[in-house]
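Visitor: Got a structure here, written out as structure tokens. Questions coming.
Derivation of every value follows stated rules applied to the coordinates shown; laboratory data play no part. All values reported here derive from a predicted model rather than from experimental measurement. Note that we place each Cβ from the backbone using ideal geometry, even for glycine, and neighbour counts take in every protein chain shown.
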Amino acid sequence: GEQVEQRPPHLSVREGDSAIIICTYTDSATAYFSWYKQEAGAGLQLLMSVLSNVDRKEEQGLTVLLNKKDKRLSLNLTAAHPGDSAVYFCAVSASSGSWQLIFGSGTQLTVMP
Amino acid sequence: ETAVFQTPNYHVTQVGNEVSFNCKQTLGHDTMYWYKQDSKKLLKIMFSYNNKQLIVNETVPRRFSPQSSDKAHLNLRIKSVEPEDSAVYLCASSSRAETLYFGSGTRLTVL
């Protein structure tokens, strides 16, 4: 079945710097890709999602890149600020038809002032 | 704005006790889920309910059981808790399976 690897597990950046989180997946038929943010003591919140026919999507300081050849999905936070400190998860849809989301292992991002 | 409500926020109990966690969604979604999040933040799907029918159960021990009265509610019961059940339990709902809306979770501590 689908395998998703996410890295790095921990990431510290200074305010104003970029932060990049990467996920790789194994199933070339994967059709849906998304990123979630989990703040301390809260549930996961959808940040952005893309379908497999999209290579790049930008919204409010976030950039999602999809490289289908390398089976790699990335999230780039440009000009990170302390409020971005949270755990970030990638999620991909299974191609089996059940549409069950497969989550990455999470990245703890810390943005220092 | 929160639309998936979980209670309680925290629960501490002893091994062997029975616990029940509540979840309600006001989004009108057809599908609800329970996830277990361990201390390393890893997420594991436990149950998926669509129109009162269980459609996913990922090797969850039999002491866990979902309980649904209608499509807006999906509770989680644990019959006899064990120490390894200590975790955060997250409820979610969706209208399309690829986009989930999560509650804030119930943190269970088993002593």
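Visitor: Take the Cβ-Cβ distance between A:GLN108 and B:ALA3 as r, set R0 to 25 Å, and report the resulting FRET efficiency rounded to the nearest 0.05.
Guide: Numbers: r = 26 Å, r/R0 = 1.04.
Efficiency at R0 = 25 Å is approximately 0.45.
Visitor: Fewest to most neighbouring Cβ within 10 Å: what's the order for B:SER39, B:SER104, B:SER48? Write down the numbers at each step before the final one.
Guide: Working: B:SER39 8, B:SER104 20, B:SER48 24.
The most exposed by this proxy come first: B:SER39, B:SER104, B:SER48.
Visitor: What ranking do B:GLU98, A:GLU39 get, fewest neighbouring Cβ atoms within 10 angstrom at the top?
Guide: A:GLU39, B:GLU98
Visitor: Which entries in the list A:LYS69/B:LYS44; B:LYS24/B:LYS79; B:LYS52/B:LYS79 go over 24 Å, if you measure between the two C-alpha atoms of each?
Guide: Pairs exceeding the cut-off: A:LYS69/B:LYS44.
Visitor: Would you kindly derive the ³J(HN,Hα) couplings of the range B:69-84 from the backbone phi angles with the Karplus curve 6.51 cos²θ - 1.76 cosθ + 1.60 (θ = phi - 60°), listing them in order in whole Hz, with x for Gly and Pro?
Guide: 9, 7, 6, 8, 10, 9, 9, 10, 10, 10, 5, 9, 5, 10, x, 6
Visitor: Now, a different point. Taking every residue in A:34-46, how many Cβ atoms of other protein chains lie within 10 Å of its Cβ, on average?
Guide: Partner Cβ neighbours, averaged per residue: 5.
Visitor: Dividing the Cα radius of gyration by the Kirkwood radius, what Rg/Rh value follows for chain A?
Guide: Using Cα coordinates only, the ratio equals 0.96.
Visitor: To continue, here is another question. Reported to two decimal places, what Rg/Rh ratio describes chain B when computed on Cα atoms with Rh from the Kirkwood expression?
Guide: 0.94
Visitor: Read phi for every residue in the range A:28-39 and hand back ³J(HN,Hα) as whole Hz from Karplus 6.51 cos²θ - 1.76 cosθ + 1.60, θ = phi - 60°, with x for Gly and Pro.
Guide: The phi angles translate into 5, 8, 4, 10, 9, 9, 8, 10, 10, 10, 10, 7 Hz.
Visitor: Working only with C-alpha atoms, what are the Rg and Dmax values of the protein assembly as shown, expressed in angstrom?
Guide: For the protein assembly as shown, the Cα radius of gyration and maximum Cα-Cα distance read 17.6, 50 Å.
Visitor: Do any of A:LYS37/B:LYS36; A:LYS71/B:LYS36; A:LYS71/B:LYS41 go past 19 Å between their Cα atoms, and which?
Guide: Details: A:LYS37/B:LYS36 16 Å; A:LYS71/B:LYS36 27 Å; A:LYS71/B:LYS41 24 Å.
Correct reply: A:LYS71/B:LYS36; A:LYS71/B:LYS41.
Visitor: Write down the radius of gyration of the range A:29-84 and its Dmax, each obtained from C-alpha positions, in Å.
Guide: 12.3, 37
Visitor: Separate question: Neighbouring Cβ atoms within 10 Å as the yardstick, rank B:THR109, B:THR59, A:THR107 fewest first. All intermediate terms of the calculation are to be shown ahead of the outcome.
Guide: Details: B:THR109 14, B:THR59 6, A:THR107 23.
Ranked by crowding around the Cβ, least crowded first: B:THR59, B:THR109, A:THR107.
Visitor: Could you work out the mean count of beta carbons from other protein chains within 10 Å of each residue's beta carbon in A:3-16?
Guide: 0
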